[in-house]
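Asker: Structure in structure tokens, see below.
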């Protein structure tokens, strides 16, 4: 069971010593904040410390936002989970299977080619050496990287994590709503949750109190991630949040303020088995223990970014761990789970 703040502090101090964690740890039980702590610098050059309201990039952690937006459109009757890609998006994909559906895209089972296949490439930063990051400001900017490529497998055949699939979902949202993807999410998700400090900000125009993402070199020096990720995030990742804002997202979702009870349940239902007791819903990972849901969680990794956030339903605990380094959020989350859950 969860123990005292002093015991958590000791565990996290050990993790900080091992991995040099830089970020925030924010935890609630029911509606009460039971732990909050900050580490490291949002700006190393000026020695500005991270604080509870610092904005952090969360990479793929915001695929959940895209899934919520799609489920909203399904709930409104504009789409269904079985709507085929070719019937809801007026963009040509000459080599894509015509049976691809919204469900396939949401569950990483579409088989479409990815612009960054994590099974084939292990360094996201390498991708941008041939593709200037400052050119990627809109979802359509990603299309030349996968639009004409061939399928990896037949739709529904298996789970294969896919960033391009969520780019396509964002394009569908844009066509169906008439809004840019980021405008839609900021209006229909962030605003409805009261996430006033979160958004899809350009790296070359970050608002006050936003953490720089840091990449530690092997020689004791560091650099920011400004040349290592797209200049502006989109449907597959790249939003900036504060820890309290992410908590508001979870609370609004579980209180059915973003989706009805029916569609919240659909989003949180295990749709595909990924590995033993690990499943994927719509934009959310689901881990089970003894055939019960242990946690719903999202995670994201980019150069200079690591992020984990979890909901433990049996414990009624929610945890948010954003970091402005390439690692650390997983280690903090695991230490808390191993020691106290």
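Asker: Just to check your reading of the model, which residue among 258, 249 is assigned to a helix (DSSP H, G or I) and modelled with pLDDT of 95 or more?
Answerer: From the options 258, 249, the qualifying one is 249.
Asker: One residue is enough: does region 216-232 have a residue meeting the conditions in a strand (DSSP E or B), surrounded by fewer than 20 Cβ atoms within 10 Å (Cβ to Cβ), in contact (Cβ under 8 Å) with a residue 60 or more places away in the chain and in contact with a helix residue (DSSP H, G or I) (Cβ under 9 Å, 6 or more places away or on another chain)?
Answerer: No, region 216-232 has no match at all.
Let's see how each residue does on (1) surrounded by 18 or more Cβ atoms within 10 Å (Cβ to Cβ); (2) in contact with a helix residue (DSSP H, G or I) (Cβ under 7 Å, 6 or more places away or on another chain); (3) over 21 Å from residue 304 (Cα atoms); (4) at pLDDT 95 or above:
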{"site": "98", "(1), (2), (3), (4)": "no, yes, yes, yes"}
{"site": "106", "(1), (2), (3), (4)": "yes, yes, yes, yes"}
{"site": "136", "(1), (2), (3), (4)": "yes, yes, no, no"}
{"site": "150", "(1), (2), (3), (4)": "no, no, yes, yes"}
{"site": "173", "(1), (2), (3), (4)": "yes, yes, yes, yes"}
{"site": "177", "(1), (2), (3), (4)": "yes, yes, yes, yes"}
{"site": "192", "(1), (2), (3), (4)": "no, yes, yes, yes"}
{"site": "198", "(1), (2), (3), (4)": "yes, yes, no, yes"}
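Asker: Do you know which of the residues in region 294-306 that are part of a strand (DSSP E or B) and more than 8 Å from the chain's Cα centre (by Cα) is nearest to residue 324 (Cα to Cα)?
Answerer: Looking at residues that are part of a strand (DSSP E or B) and more than 8 Å from the chain's Cα centre (by Cα), I get 305.
Asker: With a cut-off of at least 1 residues that are modelled with pLDDT of 95 or more and either at positive phi or buried (at least 22 other Cβ atoms within 10 Å of the Cβ) (or both), name the strands (runs of 3 or more DSSP E) lying wholly within region 1-68.
Answerer: Result: 23-29, 41-43.
Asker: State all residues of region 233-246 that are touching a helix residue (DSSP H, G or I) at 6+ places or on another chain (Cβ under 6 Å) and in a loop (DSSP other than H, G, I, E, B); if no residue qualifies, say none. Spell out the reasoning first.
Answerer: Initially, region 233-246 is screened for residues touching a helix residue (DSSP H, G or I) at 6+ places or on another chain (Cβ under 6 Å), giving 234-237, 239.
Once the filter is applied, which keeps residues that are touching a helix residue (DSSP H, G or I) at 6+ places or on another chain (Cβ under 6 Å) and in a loop (DSSP other than H, G, I, E, B), region 233-246 yields 235, 236, 239.
The values are calculated or read from the model by the stated rules, or taken from the named source; none is laboratory data. Just so it is clear, the model here is predicted, and its values are computed rather than measured. All Cβ positions, glycine included, derive from the backbone under ideal geometry; neighbour counts span all protein chains shown.
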